[in-house]
Amino acid sequence: MNKKELINQIKEKKSFLCVGLDADINKIPKHLLEFEDPIFEFNKQIIDATKDLCVAYKPNIAFYEAYGVKGWESLQKTIDYIPKNIFTIADAKRGDIGNTSKMYAQAFFETFNFDSITVAPYMGEDSVTPFLEFKNKWVILLALTSNKGADDFQFFNSGDQRLFEKVIQKSQKWGNDENLMFVVGATRPEMFSEIRDLAPDNFLLVPGVGAQGGELSEVCKYGMNKDCGLLINSSRGIIYAGNDESFAEKSRNEAMKIQKEMAILLEQFKLI
Ligand SMILES: O=c1ccn([C@@H]2O[C@H](COP(=O)(O)O)[C@@H](O)[C@H]2O)c(=O)[nH]1
């Protein structure tokens, strides 16, 4: 999916919500365990209940890898089931020496046909650029993450720049706002103004709303740009809103609350 298509979808749905498909067999409603593939059945019902309210789905790959071959099968079925006009994110946080990154890119962009993948920048240019060589596919580079441990390295300053700033600035020499996004946690809303100065046109994938306590309106205040420029992720807050037979309806209600707030914000910022 290209940037224009993503922006059009945001305007049509009045939403920039990304639903995180972090399906955990120990947390999904018990009645689903009777299905041949409970994880897929769970995702399928969540997708059916939310597809008109969100513009992206983000399966975190850990939740599938954990179950071996069966998990990979659930992931493949899930990605095949997501409507083709919805943006897909493999939250895999990959990145390795060049020839290995190329295989990761092939796995997620060709075999699974994801639109994008999260990539860790730690190994530098030759670990990131193999992902950028795929047409109409996106790298979402970890910049300033939502967790407490972000303080350990990401704020390290070896001179005139902190590490997350260096990541954002340097990586824009490798990619552009048509193939490169950044992960910025909603738990640090005060950082969005600085980040927007460094990356005015790139989309930001923002996890941390919902279960991690981040506030949508706070992120939008300084994080929005002329195209909206934000994909706000919520995983547990939406998919585990209910735990009985009406779980999908409860997920829909949660997603709708966020979408309604997003529609108001898009109007306030004169984006629709
Ligand atoms: O900085 C980051 C990067 C990735 N994540 C991932 O996003 C979701 C968040 O899930 P919630 O249940 O909405 O908290 C999850 O897959 C994380 O691994 C992140 O939280 N922060």
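Some points to look at:
- An oblate overall shape is assigned to the stretch 1-114, the ratio a/c of its alpha-carbon gyration tensor axes (a ≥ b ≥ c) being 1.5 or greater and a/b not exceeding b/c.
- Note, ³J(HN,Hα) from phi for the stretch 165-175, Karplus 6.51, -1.76, 1.60, rounded to Hz, x at Gly and Pro: 5, 4, 4, 5, 5, 5, 5, 6, 7, 8, x
- With the charge dipole of the stretch 3-268 set up from +1 on Lys and Arg Cβ and -1 on Asp and Glu Cβ about the Cα centre, the Cα lying farthest toward the positive end among the listed residues Gln76, Ile28, Leu180 is that of Leu180.
- In straight-distance terms, cross-link reach from Lys13 covers every one of the lysines whose alpha-carbon lies under 16 Å from its own, apart from those fewer than eight places away in the same chain; here that gives Lys3, Lys4, Lys51, Lys84, Lys257, Lys260, Lys270.
- Whole-Hz ³J(HN,Hα) from phi, Karplus 6.51 cos²θ - 1.76 cosθ + 1.60, for the stretch 133-150, glycine and proline x: 7, 8, 5, 6, 10, 10, 9, 10, 8, 5, 10, 10, 7, 7, 8, 4, x, 4
- Electrostatic dipole magnitude of the stretch 186-251 [Cβ: Lys, Arg +1; Asp, Glu -1; Cα centre; debye, to 20]: 80 debye
- Between the stretch 70-107 and the stretch 151-176, the alpha-carbon center distance in angstrom: 26 Å
- Contour minus Cα-Cα distance for Asp201 and Asn176 (0.36 nm per residue): 8.1 nm
- Stretch gain in nm, segment Asn99-Tyr67, where the contour uses 0.36 nm per residue and the Cα spacing is subtracted: 8.9 nm
- Modelled FRET efficiency - R0 35 Å, Lys27 with Glu194, Cβ distances, 0.05 increments: 0.45
- Residues in the stretch 68-99 reached by a label modelled at Glu110 [backbone nitrogen below 14 Å; 7 Å Cα→Cβ]: 99
- Student exercise, the stretch 3-268 dipole from Lys, Arg, Asp, Glu Cβ charges, in Debye to nearest 20: 320 debye
- Burial order of peptide ranges 47-58, 118-129 (average beta-carbon count within 10 Å, highest first): 47-58, 118-129
Read-outs: derived from the displayed coordinates by stated rules, not from any lab. The structure presented is a predicted model; accordingly, all values stated were derived computationally and were not measured. As a convention, Cβ positions derive from the backbone with ideal geometry for all residues, glycine included, and neighbour counts pool all protein chains shown.
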